[in-house]
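Reading through the structure tokens given below for one structure.
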Amino acid sequence: MLSKVPTRLILLVLVLIAAPILRAQFQDPTPDELKMTADPKAPGAAAVFLNFEEDTDDPLHYHSVYARIKVLTEKGKDLATVNVPYFRSSDQITDIKARTIHADGTVIPLAGKPDDLLVAKSGNIQFDRKVFNLPSVEVGSILEYRYQLRYDDNHFSSPLWDIQHEYFVHKARYVFTPFKAFQPGNQVLSNTFLIDEHGDAINTLIWWQRLPPGNEVKKEAPGRFTLTLTDVPPAPNEEWMPPRQSVLYHVNFYYKSANGSADFWASEAKLWSKDVDHFVEPTKTLREVVNGIVTPSDSDLDKAKKIYKAVQALDNTDFSRQKGKTELKQLGLKAAKRADDTWTQKSGSRQDIALLYIAMARAAGLTAYDMKVVDRNAGIFDPGYLSFNQLDDDIVIVLIGGKEIVLDPGEKMCPFQTVNWRHSGAGGVRQSTEGRSVGTSPFQSYTSNTMTRLGDLTLDDHGSVTGSFRVAMSGQEALRWRQEAVRNDLDEVKKSFDRWLQSTIPDGVEAHVDHFVGLDDPDANLIAFVKADGVLGTATSKRLMLPGYFFETRSRVPFVNEEKRLEPIDMHYPEQITDQITLHLPSGMAVEGAPETVRIPWADNAALVTKTVVNPNQIVTARQYSRAFTLLKSDEYENLRDFYKKIAATEQQQLVLTSATAAKGN
Amino acid sequence: MPILAIAASHKGRPTEGGCPMNFGWSSFGAPLRLRWAISVLLCLFGTCAVTVSVPLAWAKDKPQPAPDWAVEAAKTPTPANIKDASAVILFDEFLLTVDDQNHAVERERFAVRILKPQGRSYSHCEIGYDIDEKLNYFRSWTFNPDGRQLQAMESDFIDHGAYAAPVLQFTEHIRKVSPPASDPGAVVVCETEEHLRPYMNEEEWQIQAPVPIVSEAFELALPPGGHYADSWGKFAAVKPIEVGSNHLRWEIKDMPALDLENIHATPPWGALAARMSIKWGDDAVKGADNQWRAIGLWQSHLEEHRPDPTPEITAKAQELVAGAPDLYTKLSRITEYIQKNIRYFVVERGIGGWQAHFAADIYRERYGDCKDKATLLISMLQSVGIRAYYLHVDSRRGIIDPLNPSLAGNHMITAIELPDNESDPRLIARVKAVNRKTLLIFDPTDEETPVGLIRAQLQGAWANISNGSDSQVIEMPVLPPESSGLARKGVFQLTADGALDGQIAEIFTGASAARERGFIKETDERELRESLEKGLGADVPGLIFKDFKFRETAALDRPLDLDLHFASAGYAHASGPLLLLRPRILGSLAQEFPDIMERKARDYPIEIGEPGRWQDSFDIDLPAGYTVDETPDPVNIDLDFASYHSTVTAKANQLHYERDYIVRQVEIPAAQVDDFRKLESTILTDERSTAVLKKQ
């Protein structure tokens, strides 16, 4: 419903400029470049960019790209295929020039015609890509190409420079010549020429940079912006890192009707909040509905809960199926323009339902605010990125007894006062008693996301086990399976759950969920009842050897193998996992060795506690893993790794059983 | 070509880095496409450049009522015996109309009832069209459970490119509908009509789907005097009904689903599913052998003169073989040249999906797809007096069915004619053709497998050779176990605190070496190290990865060596006075097939892997003060398709682990499932077994 800011703005006055004279100009390789077989600055790299240049000339309506790549291994030859995506509806890719230079200096120019391939087309909007392939590529070749993306005279476009690539860059140069109105001496004209999507005059050029230390965008006298870098590292790729796009070096330029980041967000938040307030304004119908749901004697908290339950029961089309224009029209429905519409149609998107909740809460006399946040699985809120489009989802803040509680009504099956982890610790803009502001939603507590696995298994003389266990979940794990059950039938959920179970239990043992309890009740713990059997132990002539712990022994413990860390750690949400397995032993078997009771604390961050109790004919092993942190800086990696190394060592302990007579030394 | 297919599947798409591609229900994890073979070939061979003109055949303004056939189809009750299917196809009918030029127009009418939320994907009909096809119309309606009709309008359709991988791309487009109100209980109907490629005289009718089909039919309307040939795969031939003059109709009722979800180690879905191939025009000859010959002739004609060598090609080939002492050397020099110098890349454009470029162009540009590489190889061999032929295969064993002649297949390789007396033991992958010639099978697109061998996916599969009137279908050989494998030797030092330090020397041969070389090629040094570290880390807790070195990475005909050096801070675990360690320190040969291990009934053959021999030999120096208290019992299992032997012995202060695993087949019948289970559980148990050391 609420419209998002278009990425391309409209130039209201045509600016006639002579067509640029653009010629492919390549540079001669140096003898060192030709004979290079490896790059000490990028050890083991498959290829390196010798040069990468991007030039945006908005007055002349083009972006140009120039690259010179040294291929160092077979894998590096993949860079010979160049894909250039573009909007066919409005842009053109022109002036493609390319050549391959062999290590002996032989030059092979691109002769074939680039292919124009459809990516997607709907109505009049078509997205294509130009594909060309450099000829005769060998390990040792230098690939050199350039092309232009040209857009029509009725548009202007400021660049977003992605500084980091998959491969190391030796020399990079970026140039931006802004639209004439933003060049020195011409700004006075800008109000005449340009307006933004809100109809406001564009009067500023803003840029935001995230760059390696010691580098910055330079503003040159003729109104050009330049950035020259050397030795740009490749884009990082580490497990449990924040969304990749959010940590890469980049520079974003904007034509805006704002004087900076704070001004932009204040202005955008004001417009957004106005739209929200209009959408959620309680109507007479909605007040009547709310009066049927809550009673005057209900506490504010009860009112909030009852309304939450009512909107959660609606068809959430982000979890069932989005209805297209055709369907709405033919069924006499309409896209929600007011919160009323969502209620009347008993159906809406996650955003519609979140806003409906605000409307109904306000109708019930509660103070409720919208907060629009970035989906933390996709990105991190960046106030310097001046685009409202980075904000994905709506969560709701309600004042109860003077305290704020955070709700996620648009997230199907999410319990009251719980949010999907993607919306926790997530930045965005929010409404409040003071107006609008940029903010961050609260992080979760590890006690909110728990999993408890309790089992009872019987072992025979040969190492086989039969038995059952149950898995009780709250918070994020429960939400995950409940949402899967919304999208699939029960059989499919069971299959999926079985596959997950299998990854958590030892090789040789099979486990199948028998039934769930609480799958359709988000306010209860979700419990899976599981039957298990298979071969757990291996036997020698005197002994049976078994994994010390039943769960997680085959899971890979993270971070243990990676010595160094560049990026922060993002483990999505904190959690606590508690396991306890009672293993009934075959008669005549005694415990010769068992996992030790262990306590591995990591102050304020995490802990692992294990305990083993040996009783006659049975052994009970328990393990509790608690992780309180969600995000960590990379400089805490050493402690983090040390903690997980200790966990890995603990989980490898074994249980040794021996025949009672053997244990006595016979 | 095309067809109304449904949702994700449609045309087969290549796997990254090669012509071989995945397609069919199982590979796409979804739905439905009731015919596929010809479209698959499109990705290999191809067509002329004709501008596509796609009329706006969907409803643009006002919804129209659904046609009578759709209304009737939607009334079909859901059969009671369909178990837990997520959708049921109520009706699927094709009408193929051939004109006197042998050009065909195909109409498909399709109706599906959604039974479960996850069954929605079966209602997303889609159809592919390329530059030499014309889509006449594509319409769709939904019938709500209450009988209300909704028609899909323009905004419900989207076109997207049939993008496969950076190195293999297509000009083909796919149009797909997101039907309105496609909820459980609803029936979605789709109707398409399309002019097929003018140069194709064959179509595949995919009779089976991952969900049940209540009623399906294929109609063929031929011009006066026109004739046809049909052949059936995994299904008994059905007799057609003559519904008009030279107008035939095949009907099938109540086709059960072929659902392979949670069934492991099966042949590809497409190799098990029922299908029918129909041919018309000159290629419509009777009898399987004749049909294969006709296909080979068609292919031979299509590629005629493509491999003709130019002076440059001849000069290069002669330069390569100069001084070669024997045929093997000649072959390996030329094949390696193509493997290493012709980069895999192509944009398949119309008939370019079927027809190779000229050898001269391929040689000049140094890139091409599988049939281009085959063409240049044939050309270079020809220029030094060696005959070779196109060999049409599929990268998934079983898709090409000798009893069901068709163009189904996704890859082009070569068959090299060997002299009658050629007996070089390195030229292993050979077969005898009907004309008594000995043919060496070789895949020039496979950049890591040396001449003389073929990778496991091709072994035991069928292929169609294009050799004029000597064209035929042949079975590619299953290579002996000695042709591939890994010999691993390790020397370790264990300390009393459980720490382990080890040096490993691995020697890969044959397909195993090819796989490693492929991985080395696809990764940079950091990725390679991380991958090795991850693999070792799965076996060795507390891994400290110190060093690795590959040797002989470039010489395809030599074994590949890998040296590893690592340590572990806590490999062995103390338990009271005991020190426990797993003698099988690294490397796992056990395969995890839960359905097989749980003794579920097995109906399909079991793909057991690849022929080869894997050997481990580890010496573990024990810490002072410890003696070996117990070792696992020896393991010996001998079956006709595989054997596994393992021993752990103690000698002075050393523990020695030795195992030998041999696989002789690529696939075994379902009846041997018990043997296979026994083998796998034996390996699994052996791999987990523990030796017990005791402090003196």
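The values are calculated or read from the model by the stated rules, or taken from the named source; none is laboratory data. Predicted model, so just to flag it, every value in this text is computed and none were measured. FYI the Cβ positions are ideal-geometry reconstructions off the backbone, even for glycines, and counts take in every protein chain you see. Heads up: the accessible areas ignore ligands, DNA and RNA and are worked out on the full protein's heavy atoms, side chains in. Shrake-Rupley method; radii C 1.70, N 1.55, O 1.52, S 1.80 Å.
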Residues that are of a type in the set (Ser, Thr, Tyr), open to solvent by less than 70 Å² (accessible area, probe 1.4 Å) and more than 29 Å from the chain's Cα centre (by Cα), drawn from the range A:296-354: A:299, A:326
Go through the range B:78-128 and count every residue that is open to solvent by 10 Å² or more (accessible area, probe 1.4 Å) and more than 25 Å from residue B:243 (Cβ to Cβ). 18
Residue pairs qualifying under the 7 Å Cβ cut-off, at least six apart or on distinct chains, with the first in the range B:530-554 being under 23 Å from residue B:688 (Cα atoms) and the second being open to solvent by 30 Å² or more (accessible area, probe 1.4 Å) and assigned to a strand (DSSP E or B), are B:532/B:548
Output the number of residues of the range B:329-365 satisfying the condition of being among the basic types (Lys, Arg), within 14 Å of another protein chain (Cβ to nearest Cβ) and more than 24 Å from residue A:74 (Cβ to Cβ). 1
Has the range B:624-632 got any residue that is open to solvent by less than 30 Å² (accessible area, probe 1.4 Å) and within 14 Å of chain A (Cβ to nearest Cβ)? yes
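The rows are residues; the columns are (1) surrounded by fewer than 22 Cβ atoms within 10 Å (Cβ to Cβ); (2) of a type outside the set (A, V, I, L, M).
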site	(1), (2)
B:643	yes, yes
B:654	yes, yes
B:657	no, yes
B:668	yes, no
B:678	yes, yes
B:684	yes, no
B:696	yes, yes
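Here's the yes/no breakdown for (1) modelled with pLDDT of 95 or more; (2) within 27 Å of the chain's Cα centre (by Cα):
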residue: B:502; (1), (2): yes, no
residue: B:517; (1), (2): yes, yes
residue: B:543; (1), (2): no, no
residue: B:561; (1), (2): yes, no
Let me spell it out: the conditions are (1) in contact with a Phe, Trp or Tyr (Cβ under 8 Å, 6 or more places away or on another chain); (2) open to solvent by less than 30 Å² (accessible area, probe 1.4 Å); (3) over 30 Å from residue A:378 (Cα atoms), and residue A:571 meets all of them except one. Which number is the exception? (3)
Residue list for the range A:466-494, restricted to those being more than 14 Å from every other protein chain (Cβ to nearest Cβ) and either outside any helix (DSSP H, G or I) or β-branched (Val, Ile, Thr) (or both): A:467, A:468, A:469, A:470, A:471, A:472, A:473, A:474, A:475
Among the numbered conditions (1) within 8 Å of chain B (Cβ to nearest Cβ); (2) within 24 Å of residue B:633 (Cα to Cα), tell me where residue A:509 comes up short. (1)
Name the single residue that is farthest from the chain's Cα centre (by Cα) among those in the range A:100-109 being open to solvent by 40 Å² or more (accessible area, probe 1.4 Å) and without any contact (Cβ under 8 Å) to a residue 40 or more places away in the chain. A:106
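Yes/no per residue for (1) more than 12 Å from every other protein chain (Cβ to nearest Cβ); (2) in a loop (DSSP other than H, G, I, E, B); (3) at negative phi:
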position	(1), (2), (3)
A:27	yes, yes, yes
A:49	yes, no, yes
A:53	yes, no, yes
A:65	yes, no, yes
A:70	yes, no, yes
A:93	yes, no, yes
A:97	yes, no, yes
A:103	yes, yes, yes
A:126	no, no, yes
Please enumerate the residues belonging to the range B:546-581 that are crowded, with 22+ Cβ neighbours inside 10 Å and assigned to a loop (DSSP other than H, G, I, E, B). B:556, B:571, B:572
Residue, nearest to residue A:477 (Cα to Cα), within the range A:540-551, restricted to residues that are in contact (Cβ under 8 Å) with a residue 24 or more places away in the chain and either more than 13 Å from chain B (Cβ to nearest Cβ) or open to solvent by 50 Å² or more (accessible area, probe 1.4 Å) (or both): A:551
Picking from A:121, A:113, A:97, A:130, which residue would you name as being surrounded by 14 or more Cβ atoms within 10 Å (Cβ to Cβ), over 36 Å from the mean Cα position of the chain (by Cα) and of a type in the set (D, E, K, R)? A:97
Residue A:523 passes all but one of (1) within 12 Å of another protein chain (Cβ to nearest Cβ); (2) acidic (Asp, Glu); (3) over 29 Å from residue B:534 (Cα atoms); (4) not in a helix (DSSP H, G or I); which number fails? (1)
What number of residues within the range B:164-187 are within 17 Å of residue A:114 (Cα to Cα), facing chain A (nearest Cβ under 7 Å) and in a loop (DSSP other than H, G, I, E, B)? 3
What about residue A:560, is it more than 10 Å from chain B (Cβ to nearest Cβ), aliphatic (A, V, I, L, M) and touching a residue at least 12 places away in the same chain (Cβ under 8 Å)? no
Looking at A:197, A:239, which is the one that is assigned to a loop (DSSP other than H, G, I, E, B), open to solvent by 50 Å² or more (accessible area, probe 1.4 Å) and at pLDDT 90 or above? A:239
Before we move on, is residue B:182 in contact (Cβ under 8 Å) with a residue 40 or more places away in the chain and open to solvent by less than 10 Å² (accessible area, probe 1.4 Å)? yes
Where residues in the range B:381-397 are touching a strand residue (DSSP E or B) at 6+ places or on another chain (Cβ under 9 Å) and in a helix (DSSP H, G or I), which of them is most open to solvent (accessible area, probe 1.4 Å)? B:382
Please determine whether any residue of the range A:557-564 is outside any loop (DSSP other than H, G, I, E, B) and surrounded by 21 or more Cβ atoms within 10 Å (Cβ to Cβ). no
With the requirement that a residue be assigned to a loop (DSSP other than H, G, I, E, B) and touching a strand residue (DSSP E or B) at 6+ places or on another chain (Cβ under 8 Å), what does the range B:269-303 give you? B:273, B:274, B:284, B:285, B:286, B:303
Can you say whether residue B:222 is at pLDDT 95 or above, surrounded by fewer than 22 Cβ atoms within 10 Å (Cβ to Cβ) and away from every other protein chain (no Cβ under 14 Å), as far as the supplied structure shows? no
In the range B:429-468, how many residues are open to solvent by less than 40 Å² (accessible area, probe 1.4 Å), in a loop (DSSP other than H, G, I, E, B) and among the hydrophobic types (A, V, I, L, M, F, W, C)? 6
Identify, from the list B:517, B:488, B:426, the residue that is of a type in the set (Lys, Arg), surrounded by fewer than 24 Cβ atoms within 10 Å (Cβ to Cβ), touching a residue at least 60 places away in the same chain (Cβ under 8 Å) and in a strand (DSSP E or B). B:488
In the range A:128-162, residue farthest from the other protein chains (Cβ to nearest Cβ) [restricted to those that are out of contact with any Asp or Glu (no Cβ under 9 Å at 6 or more places or on another chain) and more than 29 Å from residue A:249 (Cα to Cα)]: A:153
